[in-house]
Amino acid sequence: MLRFFALRLLRALITIGLVVTFAFVVLRLSGDPALIILGPESAPEAIAAFRKAWGLDEPLWRQYFSYFGAIAQGELGRSMRDGRAAMDLVAERIPATLALTIPALIIKIGIGIPAGIIAALNRGSLTDRLVMLLSVAGFTVPSFVLGLVLVLIFAVHLGWLPSGGQDSWRHAILPIATLGIGGAAVLARFTRSAMLEVLGQPYVRTASAKGVPWRQVVIGHALPNATIPTVTIIGFMVGSLIAGAVVVESVFSWPGVGRLLVVAVSNRDLAVVQCILLLVAATMVVSNLIVDFLYGFLDPRLRHAGGRSGS
């Protein structure tokens with residue numbers, strides 16, 4: 001078991017390193033921050049001084065190792081816009097993002113899993129077809145389109161809710177709904193598929209043939225075994241809490257981490273962008289690492305397989 005967990009932890013660290021490296025290279029190749037922040041009409045001396053002050057005049061490989069050295073010391077850099085610590089800027093926005101993403105995650109789980117179970121238990125019925133129709137619609141419609149549709153209906157035509165901002169709890173309803181509906185649709189589809197696969201297993205048919213009540217078969221045999229693939233999707237949703245809010249926060253003018261990322265990218269504020277990407281990567285990797293650990297406890301076969309594959 002220790003080897004299984006150690007291999008997963010090593011893989012997680014390598015993944016974070018690759019993500020940080022990719023972000024570092026792409027940001028340096030996407031444009032000169034000095035020209036974007038100061039403007040192309042600025043004096044060459046000012047641009048050269050800016051590059052020197054932020055270490056942009058050094059070779060790319062030296063910037064790379066300096067950046068990783070700073071991360072190892074807990075220093076994630078400073079904003080090129082105002083000189084504040086990048087982590088402080090991001091930390092200020094995290095509560096606003098969590099105010100959307102945590103309720104949205106609860107909606108995803110609270111609607112998606114029961115809907116998937118109901119659809120699987122009523123396979124081929126009108127209920128099943130209705131759940132699948134709604135889940136396909138929620139899965140295929142992009143979040144920014146869904147957000148705009150909700151704004152048109154509930155903010156423009158009905159006037160029940162505000163279309164954007166963060167002045168009260170009412171401003172959070174539409175972005176939470178936008179984030180929650182799509183995720184619930186995805187979770188419903190996967191839960192239905194997992195339940196149908198388990199319900200077709202011999203041990204479920206055997207339990208039914210022995211006269212075990214159907215409710216007990218579902219709760220005692222089917223649901224626990226359908227948990228593993230569902231845990232995967234939930235882990236991915238937890239990991240993508242921040243990344244998934246980028247579009248929605250922009251649509252609803254919500255001052256969270258996602259909107260900060262959009263602004264930082266447009267301004268080529270390297271330290272802020274790298275800090276957010278590192279946070280997103282760490283969140284996704286940690287959530288998937290937790291899922292791997294849960295897998296190891298839920299299904300011992302995975303632990304043994306992981307240990308053999310690493311030998």
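Only Lys, Arg, Asp and Glu carry charge here, each on its Cβ (+1 for the first two, -1 for the last two); on that basis the chain has a dipole of about 1300 debye about its Cα centre. In this simple spin-label approximation, Ser266 and Glu41 carry label points 7 Å from Cα along the Cα→Cβ vector, and these lie 2.0 nm apart.
With the other protein chains left in place, how much accessible area per residue, in square angstrom, belongs to the chain at a 1.4 angstrom probe?
Normalised by residue count, the accessible surface of the chain is 53 Å².
Just the Cα atoms of the range 90-268, one point each, no solvent: what log10 I(q)/I(0) does Debye give at q = 0.12, 0.20 Å⁻¹? At q = 0.12, 0.20 Å⁻¹ the computed log10 ratios are -0.63, -1.24. State the percentage of accessible surface on the chain attributable to carbon and sulfur atoms; use a 1.4 Å probe and exclude ligands, DNA and RNA. The nonpolar share, carbon plus sulfur, comes to 68 percent. So if we plug the beta-carbon distance of Ile228 and Ile94 into 1/(1 + (r/R0)^6) with R0 = 35 Å, what FRET efficiency do we get, rounded to 0.05? So, using R0 = 35 Å, E works out to roughly 0.70.
Looking at the chain as a GNM with Cα springs under 10 Å, which of Pro224, Pro33, Pro114 has the largest mean-square fluctuation? So, out of Pro224, Pro33, Pro114, the one fluctuating most is Pro224. Could you point to the label whose value was computed as semi-axes √(5λ) of the Cα gyration tensor in Å for the structure here, given [x] 41, 24, 18; [y] 43, 28, 13; [z] 32, 22, 18? Identified label for the calculated read-out: [y]. Roughly what angle does helix 2-29 make with the longest principal axis of the chain, taking Cα atoms, 0 to 90 degrees, to the nearest 10? Helix 2-29 sits at roughly 40 degrees to that axis. Using a cutoff of 8 angstrom between alpha carbon atoms and counting only pairs six or more residues apart, the relative contact order for the chain works out to 29 percent. Across the range 90-268, C-alpha contacts under 8 Å between residues 6 or more apart give a mean separation that, scaled by the residue count, equals a relative contact order of 34 percent. Computed over the chain with a Gaussian network model linking Cα atoms closer than 10 Å, the most mobile of Val251, Val280, Val141 is Val141.
For the pair Val141 and Ala53, label points projected 7 Å from Cα toward Cβ lie 4.8 nm apart.
Applying 1/(1 + (r/R0)^6) with R0 = 45 Å to the Cβ-Cβ distance of Thr206 and Leu18 gives a FRET efficiency near 0.45.
With each label modelled as a point 7 angstrom along the Cα→C-beta vector, the Leu294-Trp61 pair spans 4.4 nm.
The gain in end-to-end length when the Ala72 to Arg84 segment is fully stretched comes to 2.4 nm, 0.36 nm per residue minus the alpha carbon separation.
The values are calculated or read from the model by the stated rules, or taken from the named source; none is laboratory data. Small disclaimer: the values here were computed from a predicted structure and weren't measured. Positions of Cβ are backbone-derived with ideal geometry, glycine not excepted, and every protein chain shown enters the neighbour counts. Side chains included, ligands, DNA and RNA excluded: accessible areas come from the protein's heavy atoms. Shrake-Rupley method; radii C 1.70, N 1.55, O 1.52, S 1.80 Å.
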